[in-house]
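Below: the structure, in structure tokens.
The values are calculated or read from the model by the stated rules, or taken from the named source; none is laboratory data. Values in this document were obtained by computation on a predicted structure and should not be read as measured data. All Cβ positions, even for glycine, are placed from backbone atoms using ideal geometry, and neighbour counts span all protein chains on display. Protein only, heavy atoms only, side chains kept; ligands, DNA and RNA dropped before computing areas. Shrake-Rupley method; radii C 1.70, N 1.55, O 1.52, S 1.80 Å.
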Amino acid sequence: MTTFALQQPLLLGMMRLLECAELATPQALLGFIERCIERGLNGFDHADIYGLGECEARFGAALRLRPQLRAHLQLIGKADIVPAAQDVSRWRVKHYDSSARYLTRAVEASLQRLGVEQLHGFLLHRPDPLLQVEEVARALQALVEAGKVGWIGLSNAEPLHWQVLGRELPLRCNQIELSLAAQQAVWDGRLQALQADGLQVLAWSPLAGGRFAPALQQELEEVAAALQATPMQVALAWLRRLPGRPLPILGSLRESRIEEALAGAELQLDAPTWFYLAEAARSMRAP
Ligand SMILES: NC(=O)c1ccc[n+]([C@@H]2O[C@H](COP(=O)([O-])OP(=O)(O)OC[C@H]3O[C@@H](n4cnc5c(N)ncnc54)[C@H](OP(=O)(O)O)[C@@H]3O)[C@@H](O)[C@H]2O)c1
């Protein structure tokens, strides 16, 4: 069984970096990254498609102001999605590309934009129906051997995806949508299967992108008041109660929200509270 290298209460997601006007300059972003490190948060979740590469480029511009900071960071990258805007075919269609050539180039392009020599972790962003297992395994292994990638993981993978690829190369994690509003993996055995196969779960959109249904938000407020916590802290504690203690990838880059999430990192939910919220979110009683 592999042990995941990121031992911290949260990862920080970079998908919304361009929405954050306060972090638009390299200096401001550098200050943000430094303060995250001071808080003990050094894991940043990137993907080549975030801002069509611009999120990685901005992050890299900030790091270039203080290159020694790179040694303190754990950067995760992802690739295999080709957005319609980057498709050079006549069809201009969003598609996946997991060919060795594409993945190798994608990793090299991410390294260049970020201005680093290695992605600590690299994930296949979405399962590609045309994926050729041996080709992908060889390409990813070569990236690890070249030192361009530290470890490999998957994202949005189903059990057969990780089991088939896992036979060819060691996999560290599966990054999946997981929150009170996205509970499928909670009930279909996937979390137990991931735990049994030694893959850490990284939970994307842990706060449902800030769009919990009003009724659920009300229940979260009720529980939060009872536990002297905040709704966001309760929603994250709900995730951490799950098998394998999924690691939330927080999407907000507001420092007040990051502080709030960190302040609740030790909050524990008992089973009745967990079910009360799970059922409220599913609008049904557990069988
Ligand atoms: N692997 C994949 O396929 C995949 C897919 C999607 C995302 N991801 C990763 O997961 C990360 C997190 O995703 P996410 O951004 O959707 O996560 P999230 O943490 O669920 O949502 C963040 C959004 O929620 C808002 N928000 C947070 N607390 C709020 C509150 N109390 N009231 C109102 N709005 C609130 C934030 O607004 P403010 O910014 O205003 O605080 C932000 O827009 C991404 O950055 C990316 O790294 C991966």
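Can we say I81 is of a type outside the set (G, A, S), more than 13 Å from the ligand (Cβ to nearest atom) and surrounded by 19 or more Cβ atoms within 10 Å (Cβ to Cβ)? Criteria not met by I81. On inspection, A28 fails the criterion of being of a type in the set (G, A, S), open to solvent by 10 Å² or more (accessible area, probe 1.4 Å), closer than 22 Å to G153 by Cα and without any contact (Cβ under 8 Å) to a residue 60 or more places away in the chain. Only one of the numbered conditions (1) in contact (Cβ under 8 Å) with a residue 40 or more places away in the chain; (2) out of contact with any strand residue (DSSP E or B) (no Cβ under 7 Å at 6 or more places or on another chain) is not met by L10, and that is (2). Among the criteria (1) touching a Lys or Arg at 6+ places or on another chain (Cβ under 9 Å); (2) assigned by TED's automatic domain parsing to the domain that holds Q8, the one W274 does not fulfil is (2). For region 246-268, a residue qualifies if it is in contact (Cβ under 8 Å) with a residue 40 or more places away in the chain and more than 14 Å from the ligand (Cβ to nearest atom), and the qualifying residues are A265, L267.
For the structure I just gave you, tell me whether R211 is surrounded by fewer than 15 Cβ atoms within 10 Å (Cβ to Cβ) and of a type in the set (K, R). When the stated conditions are applied, R211 passes them. Evaluated against (1) within 22 Å of G121 (Cα to Cα); (2) at pLDDT 95 or above; (3) within 16 Å of the ligand (Cβ to nearest atom), L18 falls short on exactly one condition, (1). Out of all the residues in region 107-120, is one or more closer than 24 Å to E158 by Cα and out of contact with any Leu (no Cβ under 7 Å at 6 or more places or on another chain)? Within region 107-120, not a single residue is closer than 24 Å to E158 by Cα and out of contact with any Leu (no Cβ under 7 Å at 6 or more places or on another chain).
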